[in-house]
Each structure stands twice: as C-alpha cells, then as structure tokens.
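One structure is given here, and the rest of the page talks about it.
The values are calculated or read from the model by the stated rules, or taken from the named source; none is laboratory data. Not measured: the values here are computed from a predicted model. Methodologically, a virtual Cβ is constructed for each residue, glycine included, from the backbone with ideal geometry; neighbour enumeration extends over all protein chains shown. To get the accessible areas, we keep the full protein, side chains included, count just its heavy atoms, and leave off ligands, DNA and RNA. Shrake-Rupley method; radii C 1.70, N 1.55, O 1.52, S 1.80 Å.
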Amino acid sequence: MKTVKSKITAKGNGLMTNLEAQLEICPNTSNEKQGIRFFINDKLIEAKTSNVVSTEHFVVLANTQDGADAKIALVEHFLAACAICRIDNLDVHFKSQGYEVPIMDGSAKVWVDLFNEAGFYGESEKVKPINNHFVFSYNNSMIVLMPNQGKTTITYAVNYNHPDLKNRWVNLNQDTNMNEIVEARTFGYLKDLETFQKMGISKGVTIENTVGMTEDGGYTTQLRSVFEPAKHKILDIIGDLYLTGVNPLELNANIFAKEAGHALHIQFAKNIEKSL
C-alpha cells in the first residue's frame, strides 16, 4: 500500500465556515488496504460512500455505523489529491474545532505539493480494470462509464449561465493536462455570494480560492487555464469516486459526465461499487 513517507502538518480556513482547521496527516504503513481515514475528537470517519451524509454544496462524511455526531466536510479536493498521487492509506487527524478540510487555494494543488514534498512509502494497490458498462442518469444529468484498454479518461459537460461555460465540454487526459485539473479552483456565481453568506455558508470565500463568475460574462480573477471552472468538476468527480475505495484513475475506463454534481457522483459511485 502507498502512503506518505513523513508526517505533514497543515492548517487553513474552511470555505463554508471560515473556521481554521489544523491537520496532522500521518503515514499509515499497514500492509492491508485501510484507505483514507479521518479522525476528529478521537472519532474515526472512513472515506467511503456509506459514510456520506450530505452532498449539498459539498461532501460531508460522518461515522454512520456508530452514530457518532462528528463529521468532516468538503473532503472532495483532498481525496482527489490522494487519488492523483495514488495514495491508498492515510490517517488525517483534526487538531482544532474546525471540521472542514481547509480550502487552501480552492484546488488540489496544495495537497498534491505537500504529498510530493513529504515523499511516498510503498506501492499503490493494483486495481483490477473494470469490465462492465454503467449508466446513471437523473433528469438532464448523466454519468457513463465504459471500459477501455488504456488510462482512465474523464470528459465532463457543464451548462452554466456564462458564455464560456454554456454547453462546454472539457477533458482529462492523464498524459497531457493533469496539472490543469490539479490546479483548477472551485467556483460559483458572484451574484449568489451575499445570499449564501446570509445563509451562513461560503464565509471563507476569497478571490484567491474561488473563481467568481460575473453577470457580464467575466471572472473575478484570472483563470489558471481555459475553462478552469469546468475542469474543477473533473477534480470533484475524481475525489467523489475515490469514496468507493478504488482509485478511479486506475480503472482503465472512459468516464463521461453531463451536468452532474456531488449528489449524482455519489449515487453513481454506489452504483458501480459492487463491480469494483
């Protein structure tokens, strides 16, 4: 199993609460697959689909087996970084009152950089290529998985009220544009920010960690790559599908998603889990 070579200490504010969270990210050198495990108030919360308790705006995990009230929010970017770095086992201890994984720069880049700096121990699990086709749809949204003979590719379609992102398709090719996916930041409509903050969420949004889409068809910050918000959806689905315990980037599959989101990602993950 693959883990980090040395302990990582990280801290930052949550995107929704703006509370500071302090994390100790520790190697787990077990020879058995134990996955990504979070610990908060001495409660264990494993990163798996059965522990997902909310997908509204972001993914929230809790230990649903023992009824623990501890929860971890906004795990998708961190899990995507684990998948991208092929990490199988990792123990993440929260050392603060904040229960959100820090948003950092809004992408997976900070986590990937921290993992690479710490180095790696062991070899990642060999994943059995998937042999079945899967289709999951709801209203106008759809996710399709088809086996292929090479590396996993992901194609994502968004349809937002923004000239750059209207009926826009973006792709992940692991050999050519992985860095563009890693550094793609979270996003939202600027006009909605005040409303969300009055609802008590999005308190940690800054111009550095979130790409705001403006009503005049522009952005609040310079994009890191063309169609960056759409590429962030690929980052989200990588993290969400890793809740199956199997790295989606190792499935030898073509994944197509159309106008989906966290709720559909998780339903799709549960749908294919029995075949992984």
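Structure values in brief
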| read-out | value |
| --- | --- |
| Conditions (1) on the phi > 0 side of the Ramachandran plot; (2) of a type in the set (Asp, Glu); (3) free of Cβ contacts under 8 Å to residues at least 12 places away in the same chain; number of the one not met by Glu259 | (3) |
| Residue match in region 19-39 (condition: touching a helix residue (DSSP H, G or I) at 6+ places or on another chain (Cβ under 8 Å), more than 26 Å from Ser202 (Cα to Cα) and buried (at least 17 other Cβ atoms within 10 Å of the Cβ)) | no |
| All positions within region 40-58 that are open to solvent by 60 Å² or more (accessible area, probe 1.4 Å) and assigned to a loop (DSSP other than H, G, I, E, B) | Asn41, Asp42, Glu56, His57 |
| Per-region count, region 167-202, residues open to solvent by 20 Å² or more (accessible area, probe 1.4 Å) and either more than 30 Å from Asn247 (Cα to Cα) or among the aliphatic types (A, V, I, L, M) (or both) | 14 |
| Any chance Leu114 is buried (at least 16 other Cβ atoms within 10 Å of the Cβ), touching a residue at least 60 places away in the same chain (Cβ under 8 Å) and part of a helix (DSSP H, G or I) | yes |
| Members of region 194-221 found to be farther than 12 Å from Ile103 by Cα and either part of a helix (DSSP H, G or I) or in contact with an Asp or Glu (Cβ under 7 Å, 6 or more places away or on another chain) (or both), listed by number | Glu194, Thr195, Phe196, Gln197, Lys198, Val211 |
| Positions within region 133-159 being touching a Ser or Thr at 6+ places or on another chain (Cβ under 9 Å), among the aliphatic types (A, V, I, L, M) and surrounded by fewer than 18 Cβ atoms within 10 Å (Cβ to Cβ), in sequence order | Val144 |
| Of all residues making up region 169-193, the number that are part of a helix (DSSP H, G or I) and more than 14 Å from the chain's Cα centre (by Cα) | 7 |
| Residue that is surrounded by the most Cβ atoms within 10 Å (Cβ to Cβ), among those in region 117-132 that are among the acidic types (Asp, Glu) and not in a helix (DSSP H, G or I) | Glu125 |
| Leading residue by the ranking (nearest to Val59 (Cα to Cα)) among those in region 222-235 that are open to solvent by 10 Å² or more (accessible area, probe 1.4 Å) and in a helix (DSSP H, G or I) | Lys233 |
